[in-house]
Amino acid sequence: MDIGHLTERLMGMDDRTWARHANPLSGWSRVAILPLLALTLWLRLRLGPWIWAALTLLVVWTWLNPRLFPEPAALTSWMSRGVLGERVWLARKKTPIPAHHARAAMILNILAGIGFVPLALGLWRYDPGLVLAGLALTMGGKLWFLDRMVWLHTDMTRPDG
């Protein structure tokens, strides 16, 4: 099982939850989670034991987020199509996807994963340059991956596709 499927299982994503998560408000508000996590960890000494409350709120928000918003009226926004493409990508073992999309998604996930190294090191050392570089790599890779998922969704739902 890969990290995407593990995350989907831990999040308890079913058809209804995915439909609600396709709301652009759900997708865009989730973009703030990693920077908020980094900020929380950056402030760990100031927060003291309250860090656990902040971390708990972030975990709860991460789980609740795809359930809080209504299904979107239309699925035409970039974020909606990206979320739907992510679902297509996660189902790639049952419904194969074009090799060029699989390759690009793997590279972008590796790029996003590499960003965790400077992010974690920067948070450990209180080095703002490393934290910002890590956030840029991780979030840039994730958003680029999401853009690729828009393309994947378009290709997989095209009548001739």
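Between Trp78 and Trp61, what is the label-point separation in nm under the 7 Å Cα-to-beta-carbon projection?
2.2 nm
Order these peptides, 30-37, 144-151, by their mean beta-carbon neighbour count within 10 angstrom, highest first.
Ranked by mean Cβ neighbours within 10 Å, highest first: 144-151, 30-37.
Want the number for Met13 to Val31: 0.36 nm per residue separation, take away the alpha-carbon distance, what's left?
Going from the current span to full extension adds 4.7 nm.
Helix by helix, which DSSP H runs in the chain go 20 Å or more along their axis at the Cα atoms and have an average Kyte-Doolittle hydropathy of -1.0 or more?
The answer, listed by residue number, is 51-68, 99-125, 128-157.
Translational diffusion coefficient of the chain at 10 °C, 1.306 mPa s, Stokes-Einstein with Kirkwood Rh over Cα pairs, in µm²/s as a whole number.
Rounded, D is 94 µm²/s.
Only the coordinates and a few stated rules stand behind these numbers; no lab work does. As the structure is a computational prediction, the values presented were derived from the model and not from experiment. Don't worry about glycine lacking a Cβ; one is built from the backbone with ideal geometry, like all the others, and counts go over all protein chains shown.
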